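**Q** There's a structure below that I have some questions on.
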Amino acid sequence: MPATTKKLPWQPFHRNDMLPPKPPPPATTGVLGWLRRNLFSNWWNTLLTLLGLWFIWVVASSLIEFALIKAVWTGEDRNACLPKDGVEVGACWAYVNAKFNQFMDGFYPADQEWRYLTVYAVGIALLVPLLIPKVPWKGLNALLLFGAYPVLAYLLLYGAPSLGLPIVETTQWGGLLLTLVIASVGIVISLPLGIVFALGRRSQLPVIRFLSIAFIEFWRGVPLITVLFMSSVMLPLFLPEDVTLDKVVRPLVGVALFAAAYMAEVVRGGLQAIPKGQYEAAQALGLTYWQMMGLIILPQALKLVIPGIVNTFIGLFKDTSLVSIIGLFDLLGIVQTSLADAKWSTPTTAPTAYLFLALVYFFFCYGMSRYSLFMERHLHTGHKR
Amino acid sequence: MSTTSNNTSAIASAASTDELAVQMIDVNKWYGEFHVLRDINLEVFRGERIVICGPSGSGKSTLIRCINRLEEHQAGRIIVNGTELTEDVKKIEEIRREVGMVFQHFNLFPHLTVLENCTLAPIWVRRMPKKEAEEIAMHFLEKVHIPEQAHKYPGQLSGGQQQRVAIARSLCMQPQIMLFDEPTSALDPEMIKEVLEVMVELAETGMTMLVVTHEMGFARQVADRVIFMDQGQIVEMNTPEEFFTNPQSERTKLFLSQILH
């Protein structure tokens, strides 16, 4: 070999047999391995983990002590929940138990309770299969839920003397029943209305675009409390004297339109995220505007903004508690009113009541949140890597 | 707007209108101040395969996008299948039903399966029964050699496969004219061939095709006419043999010297 030949720092290489795929190395070594990697990887993370555990213990233990260990479960009146031998008791669940019916339905006549319970039962029977993707007949199901069910619910809740159902004025509605009525009507109205205004805001037609912008900006620019006061105090002044809008319908419309404005902006965000090519492909195939929107653009846009939509739903659900300010006894309103009852006046009555309220609101909001996460995963059609 | 120009005598047409798939007469278009299409006159005969090439920004994509009104022309007349393009939405939709388009970036609908992508327009636009639409879709998916992917989502396919689905989706409407807007420009080299093969097979069926592409091999193989555009105007138009071996315009010669090594 001549000394001048420069030796390559690498070896020429070629391959004729391709390597077969191999399984990845085992990712974890059981629970201990996971703990070690995620919680105790170094002294700083260990310290944070221990601090976090201590904090959880402090909060959870006092909550458990109050809500479960020291709680009073039964009793006829305040005497059951008064401090015993100078020792404070925990949550006064006996009070929630005694007031439970009122919390659920306000002043709905006791002998008519079956009516709203039937509405709940039918509602669940129609809603649950619609929410589970695998159940067939979605079209019929949706038609029943959004077409027939509202009529049934109205007849049962409000009454129809011709069918032997005595009228129950909306002023007698209250508690969780009223909260659910306002929230569900608000949700069902605000989503389609929001979509319409979102499309309107992106319309080529100046009049439609202007009206949409005006609507959205008006409702977004006004606090909900103002809307509710306006609807309950001002609206009757503007309307002719013989026109009386129902006391519940007024804030209901206010809440729905308010949520629709927010929904419109959420949906608009989704519409903006859809590439121009999707519009062009739909147009090139000869689809009409509404076919393009309904079949191509909105399904994708709405899927993108599920978190924002559910955010608005949850916000709307909690905002219904503001109607207690204008004298409606929704769940918050009725619970607060019951606190004035001298029969149950004890040091722990109010904390118990608010804990109960928090649990009920959390149940519904967390349920919506979990379902939206499930739906996001279910609708994902791209490459999962 | 477009009807204001009656300057049809500028090009005395030798062909009767039913032989013409597309007729463009003195078409002009501006993007704001920018004059993107200048005095375009073009007659496309039925069954003709036309390749349009030119540097980027020369208006070639805009030209074919005017044919199905994805872009609006501001002066001149465009007549497709004997129907003139105007503001009339019904006429635009009528023309779009007969004109298929394949895009550079495929533009498949990601929330629908391959089969649903193909059956959507026949079902909703042609009002075809679902079963019949699916049969036609499978027929064309076989034509583009991917019937086995029918139940996958576009996101699970390679670029070449997606573009072939896009071709099948257009064909399912059984159009009379097909427009291709740089169909292979977004593809890896290994996938360009499979798409071009499908396009050659389509050309052999006698489909009227207008293809914007830089694939000069394709132009030589199937085109009846090659059009070279620059600065919004048609610079040269000739048969592929003449166009490649004997270009007339200096601009064409320069362009060819840069793309043919």
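All of the numbers you see were taken from the coordinates with simple rules; none came from a lab. Note that the coordinates shown come from a computational prediction; the quantities given were computed from them, not determined experimentally. Every residue, glycine as well, gets a Cβ built from its backbone with ideal geometry; the counts of neighbours run over all protein chains shown.
**Q** Of the residues A:Phe215, A:Phe197, which single one is surrounded by 19 or more Cβ atoms within 10 Å (Cβ to Cβ), more than 23 Å from the chain's Cα centre (by Cα) and more than 18 Å from A:Tyr116 (Cβ to Cβ)?
**A** After applying the criteria, what remains is A:Phe215.
**Q** Let me ask another. Mind checking whether some residue in region B:126-134 is in contact (Cβ under 8 Å) with a residue 40 or more places away in the chain, within 14 Å of chain A (Cβ to nearest Cβ), out of contact with any strand residue (DSSP E or B) (no Cβ under 8 Å at 6 or more places or on another chain) and farther than 30 Å from B:Gly59 by Cα?
**A** Checked against the condition, which is being in contact (Cβ under 8 Å) with a residue 40 or more places away in the chain, within 14 Å of chain A (Cβ to nearest Cβ), out of contact with any strand residue (DSSP E or B) (no Cβ under 8 Å at 6 or more places or on another chain) and farther than 30 Å from B:Gly59 by Cα, region B:126-134 yields at least one hit.
**Q** Being part of a helix (DSSP H, G or I) and of a type in the set (D, E, K, R) is the filter here, so list the residues in region A:200-254 that pass it.
**A** The answer is A:Arg201, A:Arg209, A:Glu217, A:Arg220, A:Arg250.
**Q** Inspect region A:299-315 for any residue being closer than 25 Å to A:Trp173 by Cβ, buried (at least 20 other Cβ atoms within 10 Å of the Cβ), more than 14 Å from chain B (Cβ to nearest Cβ) and in contact (Cβ under 8 Å) with a residue 60 or more places away in the chain and give the result as yes or no.
**A** Yes: one or more hits.
**Q** Could you check region A:255-292 and list, in sequence order, the residues that are in a helix (DSSP H, G or I) and of a type in the set (S, T, N, Q)? It would help to see each step written out before you state the result.
**A** Keep residues of region A:255-292 that are in a helix (DSSP H, G or I), which gives A:255-273, A:276-284, A:289-292.
Across region A:255-292, the qualifying residues are A:Gln272, A:Gln278, A:Gln283, A:Gln291.
**Q** Looking only at region B:141-179, count every residue that is within 14 Å of another protein chain (Cβ to nearest Cβ) and either touching a Cys at 6+ places or on another chain (Cβ under 7 Å) or of a type outside the set (Gly, Ala, Ser) (or both) and tell me the total.
**A** Here the count works out to 23.
**Q** So in region B:66-94, with the set limited to residues that are within 23 Å of B:Ala186 (Cβ to Cβ) and buried (at least 21 other Cβ atoms within 10 Å of the Cβ), which one is farthest from the other protein chains (Cβ to nearest Cβ)?
**A** Filtering region B:66-94 for residues that are within 23 Å of B:Ala186 (Cβ to Cβ) and buried (at least 21 other Cβ atoms within 10 Å of the Cβ), the one farthest from the other protein chains (Cβ to nearest Cβ) comes out as B:Cys66.
**Q** Right, here's the next one. Any residue in region B:223-241 that is among the charged types (D, E, K, R), touching a residue at least 60 places away in the same chain (Cβ under 8 Å), closer than 20 Å to B:Val102 by Cβ and assigned to a strand (DSSP E or B)? It would help to see each step written out before you state the result.
**A** Taking region B:223-241 first, the residues among the charged types (D, E, K, R) are B:224-225, B:230, B:236, B:241.
The next check asks that each one be touching a residue at least 60 places away in the same chain (Cβ under 8 Å); those that pass are B:224-225, B:230.
From what is left, the residues that are closer than 20 Å to B:Val102 by Cβ are B:224-225.
Of the ones still in play, those that are also assigned to a strand (DSSP E or B) are B:225.
Yes: one or more hits.
**Q** Only one of A:Ala260, A:Ala264, A:Ala273 is under 30 Å from B:Ile64 (Cβ atoms) and either crowded, with 21+ Cβ neighbours inside 10 Å or within 14 Å of another protein chain (Cβ to nearest Cβ) (or both); which?
**A** A:Ala273
**Q** Another question about this same structure. Would you tally the residues in region A:73-126 being under 16 Å from A:Thr348 (Cα atoms) and polar (S, T, N, Q)?
**A** Going through region A:73-126 one residue at a time, the tally reaches 3.
**Q** For region B:45-67, enumerate the residues that are touching a residue at least 24 places away in the same chain (Cβ under 8 Å) and either at positive phi or among the basic types (Lys, Arg) (or both). Don't jump to the end; show me each part of the working.
**A** Looking only at region B:45-67, we keep the residues that are touching a residue at least 24 places away in the same chain (Cβ under 8 Å), and these are B:45-55, B:58-67.
Matches in region B:45-67: B:Arg46, B:Gly47, B:Arg49, B:Gly54, B:Gly59, B:Lys60, B:Arg65.
**Q** Still on this model: Which residues, taken from region B:95-121, are more than 8 Å from every other protein chain (Cβ to nearest Cβ), closer than 16 Å to B:Met178 by Cα and of a type outside the set (A, V, I, L, M, F, W, C)?
**A** Answer for region B:95-121, where residues must be more than 8 Å from every other protein chain (Cβ to nearest Cβ), closer than 16 Å to B:Met178 by Cα and of a type outside the set (A, V, I, L, M, F, W, C): B:Glu98, B:Gln104.
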